[in-house]
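The values are calculated or read from the model by the stated rules, or taken from the named source; none is laboratory data. Everything quoted here is computed from the prediction, not taken from an experiment. Quick reminder, even Gly has a Cβ in these numbers, built from the backbone with ideal geometry, and neighbours come from all protein chains shown. Ligands, DNA and RNA are stripped out before the accessible areas are found, and what is left, the full protein with its side chains, is counted by its heavy atoms. Shrake-Rupley method; radii C 1.70, N 1.55, O 1.52, S 1.80 Å.
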Amino acid sequence: MSTEALPSSSNGANSQRVSIDDALALHAGEFGQWQLRHYLLVSAAWVLEALHTMVIIFADREPTMVCPAGDGRCGDRCAGVSAGWEWAGGASSSTVAEWGLVCGERYKVGLVQSVFFVGSMIGAGVFGHLSDSFLGRKGSLQVACVLSAAFGLLTALSPNYWVYAVLRLLTGFSAGSIAVVAFCLATEPIGPTRRGAAGMSTFYFFSAGIAACSGLAALFSASWRVLYVVTSLPSLLYVVAVTPFVSESPRWYLVRGRADDATSVIRRIASTNGRLVPEGVTLKLDGEDEEGKTVEEPSSASIVDVLRSPTMRTRLVLSVLVNLLCSVVYYGLSFNVVNLKTNLNVSVLFNSVAEMPAFLLTALLIDRFGRKPLGIGAMLLSGVACTAGSLITGVGVMRLMRMACGAVGIFGVAATYNLLFVYTTELFPTVVRNVALGCTTQATQLGAIVAPLVVVLGERVPFAVFGASGIVGALLVSCLPETMNKPMSDTVAGLEGGERRKTTFCS
């Protein structure tokens, strides 16, 4: 379909055709009051995904078993209540206590966790396509929030384990796409020189969501069902109270041929920022020439279109592999929190706070050193730290050193995790951006499924696997092009045209 330009001034001599990035940089403002408000409102959705994802740590925890008759007077612990044992906090405090998921049934706890990420992996591809096509970024975000809230509330009514597992699958299908869609919607109206730092800061909202989940779990520890209710309702409140004040992406409007709507958003941005877009300025896709002729290209595309392009195909394969390896390391190091034998609420809270310095550091350095060098350095740091941890044996001080290696490892991989959202967004044109993000998110979910299987291999072997993953990931990042301060492509033709004028390290 042909994409029309914005209505031009009657005075053709004063007309100027610019891309959305140029319109933001030259006229509307790259990150003014409008972008700040919109960014905060949209990025708050990351809190919702964190609540839906991390609630399982508390709902499926294994409470302490006590013998009210006294030590040695109760039977086999695996027999539970029938042998005289009772759960501290009552049977309703967790799914493990209510359904007896211990001993031979313990595998079901890990299974339902993997099932959630299977749902997330499927949903990432579905919502990635929907947000690039007719539903748009805002519409996809609203649908994902409503569905995740509905499935979360239904989870609280689960009569047995298998219904619970199915509902967690459905919750993962919807909730696992909230952050991806929100990221595009929050960053696409931001100018190129501010987009990197803004994108890197979105992970603060996810960490805040983890901390909020820990707080809610402490307040509603008596019932896992109530906990699911209080972590699901915020998604409905967000749709009702926040999304009416959120704008659709002007980039999505433009590639869908809705030039007037794209113009309206840009002019609203300029007006709120105290700027002015001249009447003669019109918007163009990067596949258009100066005469306004457009390349015949669909306003939305599928994974097939990505694979047809040599440039996008290479970038997609590399991005998928890097995200997969990063996820294995991140979730692998994070899942050990249940093995720390400390207060679970405090441990999860500490974990969320510990990641924040990595987010701050990458936000400060991303526009100074670039995406590629920072990605290589962060993954390499994590890989080397985990490799060192695999070589340390013994107890006492040596065990503390292994813990320190793990802390450095999660610092590096948290920085990489944050960076990859920005990097992947800039590697693909608007017409297929959410499709590509959906694929990389699917890879991330696959890594989350694999990570628990690595953790059970013992103390040293997981560190070795995480170390190798980090080092290999750093090598793969070195094959990707730098995107710092480069215009975001809108069309496949625009991306391919720019790629022909330069070479990359691995080309």
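Which label marks the calculated value of volume of the Cα convex hull per residue in Å³, given the options [x] 139; [y] 235; [z] 171?
The value matching this structure is [x].
Sequence gap of 8 or more, or different chains, plus Cα separation below 19 Å: how many lysine pairs satisfy both in the chain?
The result is 5.
What value, in deg cm²/dmol to 500, does the helix sum -39500 (n - 2.57) over DSSP H runs of n ≥ 4 give at 222 nm once divided by the residues of the chain? Can you show the working numbers first?
Numbers: 21 runs with 329 residues, N = 507.
It comes out at -21500 deg cm²/dmol, rounded to the nearest 500.
How much length is gained if the chain between ARG275 and ALA79 is pulled fully straight, taking 0.36 nm per residue apart and subtracting their Cα-Cα distance, in nm to one decimal?
Value of the extension gain: 63.5 nm.
For region 95-159, take the alpha-carbon Rg, divide it by the Kirkwood Rh, and send me Rg/Rh.
So for region 95-159, dividing Rg by the Kirkwood Rh gives 1.13.
So what's the angle, to the nearest 10 degrees on a 0 to 90 scale, between helix 397-427 and the longest Cα principal axis of the chain?
Value to nearest ten degrees: 30.
For region 176-237 and region 41-83, what is the centre-to-centre distance using only Cα atoms, to the nearest Å?
Comparing the Cα centres of region 176-237 and region 41-83, I get a distance of 23 Å.
With every protein chain present, what is the per residue accessible area of the chain (1.4 Å probe, Å²)? All intermediate terms of the calculation are to be shown ahead of the outcome.
On the way: 20150 Å² over 507 residues.
About 40 Å² of surface per residue is accessible.
Could you calculate the contour length gain from VAL66 to ARG225, that is, 0.36 nm times the residue separation minus the distance between their Cα atoms, to one decimal place in nm?
55.0 nm
Using θ = phi - 60° and the Karplus curve 6.51 cos²θ - 1.76 cosθ + 1.60, what whole-Hz ³J(HN,Hα) does each residue of region 136-142 get, with Gly and Pro shown as x?
Once θ is set to phi - 60°, the couplings for region 136-142 become x, 5, 5, x, 5, 5, 5 Hz.
At 10 °C and 1.306 mPa s, grab the translational diffusion coefficient of region 161-249 from Stokes-Einstein with a Kirkwood Rh over Cα pairs, rounded to a whole number in µm² per second.
It comes out at roughly 103 µm²/s.
Which of the peptides 194-200, 476-482, 62-68, 349-355 is most tightly packed, and how do the rest follow, going by the mean number of other Cβ atoms within 10 Å of each residue?
Ranking, from highest mean packing down: 194-200, 476-482, 349-355, 62-68.
What does the charge add up to near TYR107, with Lys and Arg as +1, Asp and Glu as -1, over the other residues with Cβ less than 14 Å from its Cβ?
-1
Nothing charged except the Cβ atoms of Lys and Arg (+1) and of Asp and Glu (-1): what's the magnitude of the dipole of the chain about its Cα centre? Round to the nearest 20 debye.
On the way: 36 positive and 34 negative charges, 165 e Å.
The calculated dipole for the chain is roughly 800 debye.
Over the chain, what relative contact order in percent results from Cα pairs under 8 Å that are six or more residues apart? Don't skip to the end; give the middle numbers.
Working: 911 pairs, mean separation 121.9, N = 507.
This gives 24 percent for the chain.
If you average the sequence gap of Cα pairs under 8 Å that are 6 or more apart and divide by the length of region 74-207, what percent do you get for the contact order?
Result for region 74-207 is 25 percent.
Net charge within 15 Å of VAL143 by Cβ-Cβ distance, Lys/Arg positive one each and Asp/Glu negative one each, not counting VAL143 itself?
Details: positive: ARG137, LYS138; negative: GLU49, ASP132, GLU248.
My count for the surroundings of VAL143 gives -1.
Expressed as a whole percent, how much of the Cα-Cα distance distribution for region 336-431 exceeds 17 Å?
Working: 2659 of 4560 pairs.
So the pairs more than 17 Å apart make up 58 percent of the total in region 336-431.
Simple spin-label model, 7 Å along Cα-to-Cβ: GLU459 to LEU36 in nm?
5.0
Roughly how many percent of the accessible protein surface of the chain is carbon and sulfur, given a 1.4 Å probe and a whole-percent answer?
66
Loop only by DSSP, 15 or fewer other Cβ within 10 Å of the Cβ. Give me the trypsin sites (Lys or Arg not before Pro) in region 39-113 that pass, ordered by residue number. Intermediate results must be reported in sequence, preceding the final value.
Values: sites: ARG61, ARG73, ARG77, ARG106, LYS108; in loops: ARG61, ARG73, ARG106.
The qualifying sites are ARG73, ARG106.
Using the alpha-carbon atoms, what tilt in degrees (0 to 90, nearest 10) does helix 460-477 show relative to the longest principal axis of the chain?
Tilt relative to the chain: about 0 degrees.
Kindly state, to the nearest 0.05, the FRET efficiency for ALA88 paired with THR193, given R0 = 60 Å and r defined as their beta-carbon distance. Present the calculation step by step, with values, prior to reporting the outcome.
Numbers: r = 55 Å, r/R0 = 0.91.
Between ALA88 and THR193 the formula returns 0.65.
Would you please give the residues with an amide H less than 5 Å from that of ARG17, counting only those at least 5 places away or on a separate chain, with H modeled from the backbone geometry?
Distant-sequence amide H within range of ARG17: THR282.
To the nearest 10 degrees, how steep is helix 178-187 against the longest Cα principal axis of the chain, on a 0 to 90 scale?
Compared with the principal axis, the helix lies near 30 degrees.
Which order do the peptides 90-103, 42-55, 125-138 come out in when sorted by mean C-beta neighbours inside 10 angstrom, highest first?
The peptides rank, most packed first, as 42-55, 125-138, 90-103.
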